[in-house]
Amino acid sequence: MSLSLPGETDWSAFTLLDHHRVSLLRSIKEAAREETRIGETGPSNNVCQITSSEILGAIENVIQDIVTSLARNKAPVLTLVNRSDWGNIQFKDSVGLQMISHYTTRKIKSDCPKSAPKFALILKILSVIYKMVQNNTYATKRDIYYSDTLLFGNQSVVDNIVNDISCMLKIPRRSLHILSTTKGCIAGNLSYTEEDGTKVNCTCSATAVIVPSNVQGIRNVITDAKFILIVEKDATFQRLLDDDFCNKLSPCIMITGKGVPDLNTRLLVRKLWDTCHIPIFTLMDADPHGIEIMCIYKYGSVSMSFEAHHLTVPAIRWLGLLPSDIERLNIRKDALIPLTKQDQNKLASMQKRPYVACQPMWKKE
């Protein structure tokens, strides 16, 4: 059985939020000391700026290999990393899920009927990226898809190819002038300046601020927050916002990715951790999907493991909801949601993941 956080109309479990407020207060002081140590000695997220000429050169190298193959009367081949293969992933507690140096690859052949369409689409998107970098313009993945919907077929095709290109060139997606569509929100004791000079104040009110599309360009981050709280669901986030949570408990920052977080939300969480060095807690549903979403923030995902150093925050703490809360707080059985077959499969899959082995409490939960 699982337990969800209260949403807009479901208040049967809302007393759990009060329980976790108390837990949060107890944890902040201890966590703050630990974060200070991490801030002094931990890894930095300062990414060396990749120049336009370097990006153009990387794309030109790919095209040159294709031209060379054609000159030798050979069918051109593109080599892509198997991004979703767990065999290419290693777990490091201080980083999360990251790609190994000797990863396996797959060939995208131009003369194979099955792979030729993808070969052509990769070249098409490479040409789009090349022009954008040349002209210093930007586009979202959705913009690229709608530039020729008949060619691409569906949005997921563009999404996967963009990630494949980023991994192949070893250049972060945002450096390729491709922006992510943002769905996350942020509120609380925080202000910053965006790349274009726009000043943003996230002080708690009835309306949250949309996570910026260019997190890398944020500067002048100012906050007195004592901690950051990541909230899985937008409904719970809005309820806490209406309750003036950010100010009543302690100055804090709240972030929601509205379910599975988008890239920008994950980048912002990492940037705030690198900048502020304050504790980060997650408030998730007590079900397999809630726990998995927490793991994405903390340890990353398999498909984006090649960017783990910029996306993960291993210091994140699981505040709850915990499955053990159900028994400890005497939650009524009729307030619980039965686990589905899909939930059971998700649990079985998560039990095999490398980060569970080093988290005995998680395994118990």
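The values are calculated or read from the model by the stated rules, or taken from the named source; none is laboratory data. Small disclaimer: the values here were computed from a predicted structure and weren't measured. Cβ sites come from the backbone with ideal geometry, for glycine too, and all protein chains shown count toward neighbours. Calculation scope for accessible area: heavy atoms of the full protein, side chains included, ligands and nucleic acids excluded. Shrake-Rupley method; radii C 1.70, N 1.55, O 1.52, S 1.80 Å.
So which trypsin sites (Lys or Arg not before Pro) in the range 161-246 pass both tests, a DSSP loop state and at most 16 other Cβ atoms within 10 Å of the Cβ?
K170
May I ask which of K114/K363; K131/K183; K118/K341; K92/K124 have a Cα-Cα span longer than 31 Å here?
The answer is K114/K363; K118/K341; K92/K124.
With +1 on the Cβ of every Lys and Arg and -1 on the Cβ of every Asp and Glu, and nothing else charged, how large is the dipole of the chain about its Cα centre, in debye rounded to the nearest 20?
Dipole size: approximately 960 debye.
Given (1) 35; (2) 43; (3) 57, which label gives percent of Cα pairs over 30 Å apart as computed from the coordinates?
Given (1) 35; (2) 43; (3) 57, the calculated one carries the label (2).
With a cut-off of at most 13 other beta carbons within 10 Å, and DSSP calling the residue loop, which trypsin sites (Lys or Arg not before Pro) in the range 282-362 qualify? Please list them.
Qualifying residues, ordered by number: R332, K352.
Which value, in debye to the nearest 20, describes the size of the charge dipole of the range 52-165 about its Cα centre when Lys and Arg Cβ atoms bear +1, Asp and Glu Cβ atoms bear -1, and nothing else is charged?
The calculated dipole for the range 52-165 is roughly 340 debye.
Just to verify a number: FRET efficiency for K131 and V200, C-beta to C-beta distance, R0 = 30 Å, to 0.05?
It comes to 0.45.
Order H310, H177, H277 by their accessible area, 1.4 angstrom probe, all chains in place, largest first.
Per-residue accessible area, sorted high to low, gives H277, H310, H177.
How large is Rg over Rh for the range 274-365, taking Rg from the Cα atoms and Rh as the Kirkwood inverse mean of 1/r across Cα pairs?
0.99
Projected onto the charge dipole of the range 165-288 (+1 at Lys/Arg Cβ, -1 at Asp/Glu Cβ, origin at the Cα centre), which of P212, A235, C185 gives the Cα projection farthest towards the positive end?
P212
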